[in-house]
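Notes follow once the structure below has been shown.
The values are calculated or read from the model by the stated rules, or taken from the named source; none is laboratory data. For clarity, every value in this text was computed on a predicted model and none was experimentally measured. When we count neighbours, we look across all protein chains shown, and the Cβ atoms used for this are built from the backbone with ideal geometry, even at glycine. The accessibility values were calculated without ligands, DNA or RNA, using every heavy atom of the protein model including side chains. Shrake-Rupley method; radii C 1.70, N 1.55, O 1.52, S 1.80 Å.
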Amino acid sequence: MPNYIVNLTKDNKGYNEVHTTDCTHGKKALHTTSIGYHLNEIEAVKAAKNLGYNADGCYYCCNKAHKG
């Protein structure tokens, strides 16, 4: 099960992107918080939304949950 983080800084479309902890794009983010281990990226984005984030999956590591 992958471990996920959410970027606290919104992207240019207003989303807080969700990344795996292994994602090179997530590692570049300066302000993140852990949202824990989830079965897949869709579940991780749901968890981030339940925490109040305007979440979207990273195009590179969470493509199945990427909308924007």
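Quick notes
- Built amide H within the under 5 Å cut-off of residue 54, gap 5+: 16
- Cα-centre dipole for the chain with unit charges at Cβ (Lys and Arg positive, Asp and Glu negative), debye to 20: 140
- Spin-label zone in segment 13-47 - amide nitrogen under 12 Å from a point set 7 Å from the Cα of residue 59 along the C-beta vector: 13
- Under 19 Å, Cα to Cα: Lys pairs in the chain, sequence gap 8 or more or different chains: 14
- Under 5 Å, built H, 5+ apart or other chain: amide partners of residue 32: 8
- Close amide-amide hydrogen proximity is noted between residue 66 and 57, each under 5 Å apart and 5 or more residues distant or on a separate chain (H modeled in the peptide plane; Pro and chain starts excluded).
- Taken one residue at a time, the phi angles of segment 3-15 give Karplus couplings (6.51, -1.76, 1.60, θ = phi - 60°) of 9, 10, 10, 10, 6, 6, 8, 6, 7, 5, 9, x, 9 Hz. Gly and Pro are set to x.
- For segment 51-68, 3J(HN,Hα) computed residue by residue from phi via the Karplus equation (6.51, -1.76, 1.60; θ = phi - 60°) reads 8, x, 7, 7, 7, 8, x, 5, 4, 8, 10, 10, 4, 5, 10, 7, 10, x Hz, glycine and proline entered as x.
- Computed over protein heavy atoms with a 1.4 Å probe, the carbon and sulfur contribution to the accessible area of the chain reaches 49%.
- Using the Karplus relation 6.51 cos²θ - 1.76 cosθ + 1.60 with θ = phi - 60°, the per-residue 3J(HN,Hα) values for segment 18-32 come to 9, 10, 6, 5, 8, 5, 5, 6, x, 5, 7, 5, 7, 10, 9 Hz, with x marking Gly and Pro.
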